[in-house]
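This report refers to the structure that appears directly beneath it.
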Amino acid sequence: MNKILIVEDEIAISDLIKIELEARGYKCEVANDGETACDFIENKRYDLVLLDIMLPKIDGYELLEYIKQLSETPAIFITAKNQTKDKIKGLNLGADDYIAKPFEMGELIARIEAVLRRYNKGCEIQQIDDVEINIVSRTVKKAGKEISLTPKEFDLLVLLVQNKNFALYRETIFEKVWGEDLEFETRTLDLHIQRLRKKLQWKDKIKTVYKIGYMLEDKI
């Protein structure tokens, strides 16, 4: 289980991020100022740090420099400072990504997953009810029994799982699974969704979202 430190002085935002990440299997801690974050980082190990720039006591730029002195822990800035010069400064200091507020939660999740994969810290095993997905071996088991999926069915399943409870547009799904250079074919996508529903007995879990696309529903 990946452990993430959220450094954000706006409590409503930090609480929202924590709830969403923990719903996806991450373990999260929150620091609402830079000084508290320094104490946490000095005494604990994290797989990723999400940090604002405008923080009380110690700002995000100073905090990032402190993080890089202690370890190779990846960090993503989430901040209202959205000018190009701010982004360049953050990236030059060693941030792995830079997200401007306001942001979509789905985008944040995708960027977190991308950074963790670069550091080989992504979750190897995803569990939804009695279905276990092994990202590394590309195998799927339901109630302990292996389920045979085609490569595209597996990629589609992983995309849905990594974005569970978020509606994905058909075009977005097709682009990420089949490649943006291919012409979008809604029939191809619909057929693969039908196969996943049947093989995993997920008729009621993979939802069709009217005028949007599909969503994997995982009730907490």
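Since every read-out is calculated from the coordinates, none of them should be taken as a lab result. These numbers come from a predicted model, not from an experiment. With ideal geometry, Cβ positions are generated from the backbone for all residues, glycine too; neighbour counts draw on all protein chains shown.
I need the trypsin sites (Lys or Arg not before Pro) found in region 113-152, filtered to DSSP loop residues with at most 13 other beta carbons within 10 Å of theirs. Spell out each step's value before the answer.
Working: sites: R117, R118, K121, R138, K141, K142, K145, K152; in loops: K121, R138.
Sites meeting the loop and neighbour criteria: R138.
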>> Can you show me the helix-derived [θ] at 222 nm for the chain, built from DSSP H runs with n ≥ 4 at -39,500 (n - 2.57) apiece and divided by the number of residues, rounded to the nearest 500.
In response: -13000 deg cm²/dmol
> Residue by residue, what Karplus-based ³J(HN,Hα) values in Hz, rounded to whole numbers, does region 59-66 have, using 6.51, -1.76 and 1.60 with θ = phi - 60° and x for Gly and Pro?
Replying inline: 7, x, 5, 5, 5, 4, 4, 5
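Tell me, in nm to one decimal, what length is gained between N92 and E10 on full extension, where the rule is 0.36 nm per residue of separation less the Cα-Cα distance?
Contour length minus Cα-Cα distance gives 27.0 nm.
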>> Apply the Karplus curve 6.51 cos²θ - 1.76 cosθ + 1.60, θ = phi - 60°, to the phi angles in region 89-97 and return the couplings in whole Hz, x for Gly and Pro.
In response: 4, x, 5, 5, 6, x, 5, 7, 6
